[in-house]
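Presented below is the structure to which this report refers.
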Amino acid sequence: MPSLDEFLNVQAFESQAARVLSKTSYDYYRSGSWGECTIAENIAAWQRLWLRPRVMVDVSKLDASTTLFGQRMAAPLLIAPTAMHKLADAEGEVATARAASECEVPMVLSSLSTCSVEEVAQASTAPVWMQIYIAHDRGFTRALAQRAQAAGCKALMVTVDTPVWGFRERDMHNGFHLPTSMQIVNLQRPGQPTGHAGRGLSESLSWTIDASLSWKDLQMLHEAVKIPVVVKGVLRGDDAARAIEHGAAGIVVSNHGGRQLDGAIATACALPEVVQAVAGRVPVIVDGGIRRGTDILRALALGASAVQVGRPVLWGLATAGTPGVKRVLHILMNEFALAMALAGCPNVQSITPDLIA
């Protein structure tokens, strides 16, 4: 394998990950639903946003840091929740958490993780958040939220775009399910499927979501914990407003990385409407297709408080464990800082809508 210094952008990590991962694991990480149109559009939509840089601005003392819910971040960047990191590295989410800690970047732990929330929280000095779904058993969902809080998680991120699992054809062709050597440790329950049988998540882990979820479930979670509850999977302004009415402390503009409804609007296109509806009441985070530091600059210019990145982190993890993830994060953070300087933005507060052409 080349030296990590030779990986000059995050796309280079995917090529290496494709070589070291099994076909089943690689396809699971990269797959989208149906024709995978939304995956492609997520990336292309950022690239269609042209920038209008300012000149003759003193950027000699650049500050890319920001805060969310009082938590300092070295850059407006989070590690998005992605499942089953042990498919990529033997240490799984713990390896990812170490990189997040070293880079001062918050990590959002997937409830479909292969390391426990307690292990991951202990492995990072950076903030750890936890993502959860609304399961059939609301008592289990509430208990998991409270477990995350007790473990030291600084926020809860509830995914609301998954009443049913999207149809991911690569997983169905490969007969994807969890290898017997791994466990979805945060979701173990007597008498429930463990993810080790079936084809795709729709067959192997169907009990972890529920088609009857509604806004009252968000209210339930808001009342169950004292940490902020952030809603992930919003693509409409009216839904963002409803989420805030039901206790959301933050909004994540997300189409699940193109893994749910294929043909869903790209997040770069959905972001302005959501920002307008939120009107500064809570932070807005966006994910989907973020591959360059210029994408982070574009997102903040459109009104986002931060972005979160999923697949590039997995490619870094598969390539070289903790050092690989760290390199991916450093590339994105360095690209973002350079983009800020070239756009005439000495700090995050100076990234404003007039930068978008």
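Miscellaneous remarks
- Amide H to amide H distances under 5 Å link ILE209 with HIS136, where only residues 5 or more positions off or on other chains count and H is placed in the peptide plane.
- Prolate/oblate/rounded call for region 29-142, Cα gyration tensor, a/c under 1.5 rounded: oblate
- Within a Gaussian network of the chain (alpha carbon springs, distance under 10 Å), most fluctuating of SER60, SER212, SER22: SER60
- Other-chain or far-sequence residues with amide H under 5 Å of LYS232's (modelled H): VAL158, THR159, VAL160, VAL252
- Net +/- balance of residues flanking ALA277 in space, Cβ distance below 14 Å, scoring K and R +1, D and E -1: -1
- Neighbour-count order for SER3, SER33, SER254, SER116, fewest beta carbons within 10 angstrom listed first: SER3, SER116, SER33, SER254
- Hz values of 3J(HN,Hα) by residue in region 47-58 - Karplus curve (6.51, -1.76, 1.60), Gly and Pro given as x: 5, 7, 8, 8, 9, 10, x, 8, 10, 6, 10, 6
- Peptide ranges 119-129, 80-90, 276-286 listed from the most packed, as the mean C-beta count within 10 angstrom indicates: 80-90, 119-129, 276-286
- Averaging the sequence gap over all C-alpha pairs within less than 8 Å and six or more residues apart, then dividing by the number of residues, gives region 4-344 a relative contact order of 25 percent.
- Cβ-to-Cβ counts within 10 Å put MET182, MET172 in ascending order as MET172, MET182, the fewest first.
- Filter on LYS23/LYS326; LYS154/LYS326; LYS86/LYS232; LYS61/LYS226; LYS23/LYS86 - keep pairs with C-alpha separation over 26 Å: LYS61/LYS226
- Cα point-scatterer Debye curve for the chain, base-10 log of I(q)/I(0) at q = 0.10, 0.12, 0.14 Å⁻¹: -0.56, -0.83, -1.17
- Couplings 3J(HN,Hα) of region 317-329, computed from phi: 5, 5, 6, 7, x, 3, x, x, 5, 4, 5, 4, 5 Hz, in residue order, whole Hz [Karplus 6.51 cos²θ - 1.76 cosθ + 1.60, θ = phi - 60°; x for Gly and Pro].
- A Cβ-based charge dipole, computed about the Cα centre of region 261-357 with Lys and Arg at +1 and Asp and Glu at -1, lands at about 300 debye.
- The chain: most fluctuating residue of GLY70, GLY139, GLY152 per GNM, C-alpha cutoff 10 Å: GLY70
- Of the residues SER31, SER113, SER214, the one that moves most in a GNM of the chain with alpha-carbon contacts below 10 Å is SER214.
- By the count of neighbouring beta-carbon atoms within 10 Å, fewest first, TRP46, TRP165 end up ordered TRP165, TRP46.
- Scanning residues 5 or more positions from ASN255 or on other chains, none has an amide H under 5 Å from its amide H, with H placed 1.01 Å from N in the peptide plane.
Values in this text are rule-based calculations from the coordinates and carry no lab data. Values in this document were obtained by computation on a predicted structure and should not be read as measured data. Cβ coordinates were reconstructed from backbone atoms using ideal geometry, including for glycine residues, and neighbour counts include every protein chain displayed.
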